[in-house]
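The values are calculated or read from the model by the stated rules, or taken from the named source; none is laboratory data. What you are looking at is a predicted structure, and each value in this text was computed from that prediction instead of being measured. Backbone-built Cβ (ideal geometry, glycine too); neighbour counts: all protein chains shown.
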Amino acid sequence: MSVRILALVGSLRAGSHNRQLAEAAVKLAPEGAEVVLFEGLADVPFYNEDIDVEGGVPAAAAKLREAAQGVDAFLLFSPEYNGTIPAVLKNAIDWLSRPYGAGAFGGKPVAVIGTAFGQYGGVWAQDDTRKAVGIAGGKVIEDIKLSIPGSMTRFAETHPVDDAEVAAQLTEVVARLHGNVGEATAA
């Protein structure tokens, strides 16, 4: 079964280690899984119900929703900003949670992983992301976790795809997320 997984990255920085993790997930996706990295979160305006009206949804938000509707699962990459979820990722979750009751997450499997400079790898932000996306309608796979600490040091000279330990962990994350799509379909 071919599975499409949409990757959303909560960092806009050009040298983002979370973006590098997402790029590695795209390259390392096992057979039968395709990870698609969404481009354009920086262009999505902050969610505002006044502009979320038929015929008035901003193009960047419509593009995000369209990309999300065509996938089977989500893989969210969250760094930690001041101990919590980055605004850009929370904003994407807000846009995808609407329209109420019919948002793009709609019971689809979601895994949240990431890396951060601190010693815990961004676990607080990732936990907050899991909470938000679960409330938004995603089927959060709670036992798929990957928090890589010390990103600035660990990935200073090595892309995550070239780090054997990280590559193996990412491959496992995508394979398990793929398996959860199959379980959801069979249920």
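The table for this structure:
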quantity	calculated
Whichever residue in the stretch 96-134 is at pLDDT 95 or above and of a type in the set (Phe, Trp, Tyr) and, among such residues, is surrounded by the fewest Cβ atoms within 10 Å (Cβ to Cβ)	124
Residue match in the stretch 130-142 (condition: closer than 16 Å to residue 21 by Cβ, in contact with a helix residue (DSSP H, G or I) (Cβ under 7 Å, 6 or more places away or on another chain) and of a type outside the set (D, E, K, R))	no
Selection status of residue 158, of a type in the set (Ser, Thr, Tyr) and part of a helix (DSSP H, G or I)	no
All positions within the stretch 25-51 that are buried (at least 17 other Cβ atoms within 10 Å of the Cβ) and assigned to a loop (DSSP other than H, G, I, E, B)	29, 38, 44, 47
Hits in the stretch 72-96 - residues which are closer than 18 Å to residue 127 by Cβ and part of a loop (DSSP other than H, G, I, E, B)	78, 79, 80, 82, 83, 85, 86
Output for the stretch 155-181, where each listed residue is among the charged types (D, E, K, R) and in contact with a helix residue (DSSP H, G or I) (Cβ under 8 Å, 6 or more places away or on another chain)	163
